[in-house]
Amino acid sequence: MKRPRRAENRRLEHWKALTLAVVLVVGAGGLLTRAYYLQVVRYDFFLARCRCQNSLAVEIRPERGEILDARGKKLAISLETESICVRPQKVENKKQHAGTLARILGLSRQEVYRKLQSKKPFEWLDRDVLPSQAEAVRKLKLKGVEFAKESRRFYPNRELAGQLLGFVGVDNTGLEGLELRYNRHLQGKRNVVFLERDARRRVLDPQGLGAPEGVRGRVVKLTIDRAIQYAVDQELARAVKSSQGARGLALVMDVDSGAVLAMSHYPFFNPNSFSSSQPQIWRNRAIVDVIEPGSTFKVFTVAAALEKGVISPTELIDCEGGKYRVGGRTIHDTHEYDELSAGEIVKFSSNIGCSKIAALLGRQSLYEFLQRCGFGEKTDIDFPGEKPGTLRDWQQWKEIDFCNISFGQGVGVTPVQLASAYAMLANGGYRVKPYLVDQIVDESGWKVYQHHPEKSRSQVLSPAVASQVSAMLEMVVEDDGTAPEAAIPGYWVAGKTGTAQKYDQQKKCYSRSDYLASFIGFIPAPEGSGKLLIYVLIDEPRTSIYGGMVAAPAFRRIGQRVMAYLNVEPSSRVTLVQGQGALPAGRMSLATAPVREEEGVVPVAAGVMPDFSGCSLREVLSHFGTLPGPLKIEGSGRVKKQKPLPGRRLMAGAGIEFVLTAEN
């Protein structure tokens, strides 16, 4: 009777053993699975967490790439400096050392003491310290105070092109100007140093951070020429001070390529100590400020009408004796003019003449032409913060708005936008894109960027009309023009004055005391290099409000210094350009050539009047091919007087006059 019970006990023990075995197997499988998950599947995750807990990452700035001018001169460089760091856990006598360190570094004692008391394993005490400060701290031999080699930005030319270059912050990142625009190229690859820590998060490496490593930033080479920039800076400062102006700007640009050779602003600021200047002085106003251009805008109204064929260069326009009623308002000229040709309207800067030319052209035609010139849109110059200007749709123009826009009021442009549009008048009518950076080179010398001119440039004006307008601009610098002060003896010069009232945003009207006085024009470049454009703008001058009195003299002085620097010889004749984009036979172009004397007389090329004093009529006529207009001769013998005067442009259809006297 007991055997069945024993059998039941054995079966129960068997199941217990089996259950225990299953539990052990499952448990072991779970442990193995978990171990596999932690050691294999999540290996990278936990390794990263371990490294984060056991190490401290300290980022050290790499050496920033240099910025060079067009001739390889250094405009921005990086210098090796020392920074001071502390490991708070190791510093003893913190209160005493806080006062000593604060005196040496020029910091507040509270700030230094706070860092010495920090719970963090690492703190920057001060960065980019002076060598004398670093040496003074090093002599203290304080435990827990260490040094790190870093790279600091330095501008060796101080204020030169400060608004253009910009500056970098304490972390070596570009904050303004070209430093910001090309930061990813200049900054290089950052270096990170890992310091080991124990379980209590104490740093185990007692040897400091060592020297920085990593990839150095790339070299950025500009179109700016340091010597030209310096000359422009000097003359701009002189012009602003002598006119008692508030501020000013000037730029020099190649009219063919769009390369900017100088871009100056006054007051200057030193990017080495940018924080000591007001933020508004950092601004590159040539690119980010929108202004009303004033009379410098008139040439585009005239150019549009000539291109459309609604007027001719010699056609006379009634200027109403200096007063003209439009849309219930009266437009005034500075002088009382009756009939003026298109060229004289530019020469004497007639508001009424320009308004009447615009009326012949029509609103839509003028608007479309201004759009083709690039007004109302960005030039895409390689600089941050460029503004597009303002050009309202022609359908929104009232009658008085239409007249105002024709002579540069009620439209907004940036100075670089205006310069770009003017460049086409001297390059045969082609629109150019201004630029500041020529090439970028990496550490190995490989060019990662090289500027190339646009393959297809849009032609806004025909070469013939561009030449006609340029000839009108040359009349502006004649003795009876609005800017004789811009003329450079012995050199061809053309340009336009501008005197624009500033708009008072608070009073919602134009100011009666604040003006923008400007002059923009062209000078010769070295032979075979086209022309250079110079733009000078003086903001709120007090001695005079007129561009011809305030800005034109600065234009002349800049032009003289630039041409002397570039070894441009005096030129008083114009050569005929043939081939693509050339003018039709007999037309005048603007390509200059040096003076060449033959038998005492400078020969006539297409466009400039030689000095015929003392010549016979036969000698005079032998130097002409086809006369540009009617010939008028008074008297006999040899030339005593002539019109145009020597060196003046021969305008098509204007005619030539000679007064001859008999020999004694």
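The values are calculated or read from the model by the stated rules, or taken from the named source; none is laboratory data. These numbers come from a predicted model, not from an experiment. Reconstructed Cβ throughout: ideal geometry from the backbone, glycine too, with neighbour counts over all protein chains shown. SASA here: full protein model, heavy atoms, side chains in, ligands and nucleic acids out. Shrake-Rupley method; radii C 1.70, N 1.55, O 1.52, S 1.80 Å.
Taking the Cα-to-Cβ direction at D318 and at R114 and moving 7 Å from each Cα, how far apart do the two end points lie in nm?
7.8 nm
Students often check this: by mean Cβ neighbours within 10 Å, which of 6-16, 541-551, 232-242, 115-125 ranks highest, and how do the rest follow?
Working: 6-16: 9.9, 541-551: 22.9, 232-242: 20.4, 115-125: 16.2.
Highest-to-lowest ranking by the protection proxy: 541-551, 232-242, 115-125, 6-16.
Given the options A259, G217, I291, identify the residue whose Cα lies farthest towards the positive end of the charge dipole of the range 211-328 (+1 on Cβ of Lys, Arg; -1 on Cβ of Asp, Glu).
Toward the positive end, the furthest listed residue is G217.
If packing is taken as the mean number of other Cβ atoms within 10 Å per residue, what is the order of 126-133, 397-404, highest first? Display every interim value, and only then the final one.
Details: 126-133: 16.0, 397-404: 17.9.
Ranking the peptides 126-133, 397-404 by packing returns 397-404, 126-133.
Compare the Cα positions of I538, F519, V562 along the charge dipole of the range 462-576 (+1 at Cβ of Lys, Arg; -1 at Cβ of Asp, Glu; about the Cα centre) and return the one farthest towards the positive end.
Value: I538.
Might you report the magnitude of the Cβ-based charge dipole of the range 274-386 about its Cα centre, with Lys and Arg at +1 and Asp and Glu at -1, to the nearest 20 debye?
280 debye
I'd like to know which of P121, Q39, G29 lies farthest towards the positive end of the charge dipole of the range 14-134, counting +1 on Cβ of Lys and Arg and -1 on Cβ of Asp and Glu.
In the range 14-134, that residue is G29.
Less than 19 Å apart at the alpha-carbon level, and either on another chain or at least 8 residues along: which aspartates and glutamates does that give for K641?
E478, D479, D480, D611, E619, E657, E663
Rolling a 1.4 angstrom probe over the protein chains, ignoring ligands and nucleic acids, what is the accessible area of V145 in square angstrom, nearest 10?
Accessible area of V145: about 20 Å².
Normalised by the number of residues in the range 89-192, what is the relative contact order in percent for Cα pairs under 8 Å and 6+ residues apart?
The value is 17 percent.
Would you mind calculating the gained length between E339 and C509 on full extension (0.36 nm times residue separation, minus the Cα-Cα distance), in nm to one decimal? Walk me through the numbers on the way to the answer.
Values: separation 170, 0.36 × 170 = 61.20 nm, distance 3.16 nm.
So the extension gain works out to 58.0 nm.
Holding the Cα-Cα limit at 22 Å, pick out from K298/K398; K189/K387; K298/K502 the pairs that are longer than that.
Beyond 22 Å: K189/K387.
Which of the peptides 364-377, 316-329, 346-359 is most tightly packed, and how do the rest follow, going by the mean number of other Cβ atoms within 10 Å of each residue?
Result, highest mean Cβ count within 10 Å first: 346-359, 364-377, 316-329.
At 1.4 Å probe radius, can you tell me the per residue accessible area of the range 319-464 in Å²? Don't skip to the end; give the middle numbers.
Numbers: 6340 Å² over 146 residues.
Spelled out: the 1.4 Å probe surface of the range 319-464, per residue, equals 43 Å².
Could you sort T301, T379 by their accessible area in this structure, using a 1.4 Å probe and putting the largest first?
My answer, sorted largest first, is T379, T301.
If the cut-off is 29 Å between C-alpha atoms, which lysines fall inside it for K640, apart from same-chain ones fewer than 8 positions away?
K347, K632
Hey, which aspartates and glutamates would be in cross-link range of K531, C-alpha to C-alpha under 15 Å, not counting anything within fewer than 8 residues on its own chain?
D254, D256, E474, E569
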